[in-house]
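The values are calculated or read from the model by the stated rules, or taken from the named source; none is laboratory data. Since the model is a prediction, treat every value here as computed from it, not as a measurement. Here the Cβ is made from the backbone with ideal geometry for all residues, glycine too, and neighbour counts use every protein chain on show. The accessibility values were calculated without ligands, DNA or RNA, using every heavy atom of the protein model including side chains. Shrake-Rupley method; radii C 1.70, N 1.55, O 1.52, S 1.80 Å.
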Amino acid sequence: MDDPDHDNALLHAIFEDSDDAVVVSDSTGTIVRANRAASHLFQYDRAELIGQNVSILMPRALAGLHDGFMAHHIKTGEKRIIGTGRDVEGQRKDKSVFPLHLSVGSATVNGARMFIGIMHDLTLRRTTQDALARSQRLDAIGQMTGGIAHDFNNLLTVVIGNLEL
């Protein structure tokens, strides 16, 4: 049995309690809804986000291109990011830039085109990957140093053996 109130309550709970940031915008890029995670991730109060263009969540270079991307998609239907995910950079209220994974979907609600952006902060993942890469480089240097020391020791053994003779 379909219960619209139950369905709405469930969708609201999913939206609000998601660990990932969720931002809903209209076809002009104006934010109409944002969940708690979006507010936390971008360091804006929700009231500050609503009514703003989504470009405030992007570094300047990408923000300048955003409206053109949106207009091109609406006009042609070409999907560059809609329906796929990609790693991009986000910008917080304090203008700090951070890596995030962005998935964008679209839907028509009451005849109006809406876009749903789901964003996951990649800062911890990138930090971990960088630490792993440093560790692997140090391991390679350690192996190389050990190999050189071993070769040098072999040379010294020959020299010492010849000196004893």
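Annotations
- The helix-only estimate of mean residue ellipticity at 222 nm for the chain, built from DSSP H runs of length n ≥ 4 each weighted as -39500 (n - 2.57), is -17000 deg cm²/dmol after division by the residue total.
- Rounded to 10°, Cα long-axis angle of helix 4-17 versus longest principal axis of the chain: 30 degrees
- The range 110-161 and the range 1-53 have Cα centres spaced 38 Å apart.
- Degrees separating the helix 123-164 axis from the principal Cα axis of the chain, which is the longest one: 10 degrees
- Relative contact order %, the chain, counting alpha carbon pairs below 8 Å whose residues are six or more apart: 18 percent
- Tilt relative to the chain, helix 60-76 - C-alpha long axis, 0 to 90 degrees, to 10: 50 degrees
- Check: the chain dipole with +1 on Lys, Arg Cβ and -1 on Asp, Glu Cβ, in debye: 680 debye
- Of all DSSP-defined beta bridges confined to the chain, some 95% are antiparallel rather than parallel.
- Protein heavy-atom accessible surface, 1.4 Å probe, per residue over the chain: 68 Å².
- For P(r) over Cα pairs in 10 Å bins from 0, in percent, the candidate list reads (i) 9, 28, 23, 12, 8, 7, 6, 5, 2, 0; (ii) 10, 33, 32, 21, 4, 0; (iii) 10, 37, 38, 14, 1; the entry that matches the value derived from this model is (i).
- Working from label points 7 Å from Cα in the Cα-to-Cβ sense, the H150 to I82 distance is 5.9 nm.
- Residue among G146, N53, V104 farthest towards the positive dipole end of the chain, charges placed on Cβ: N53
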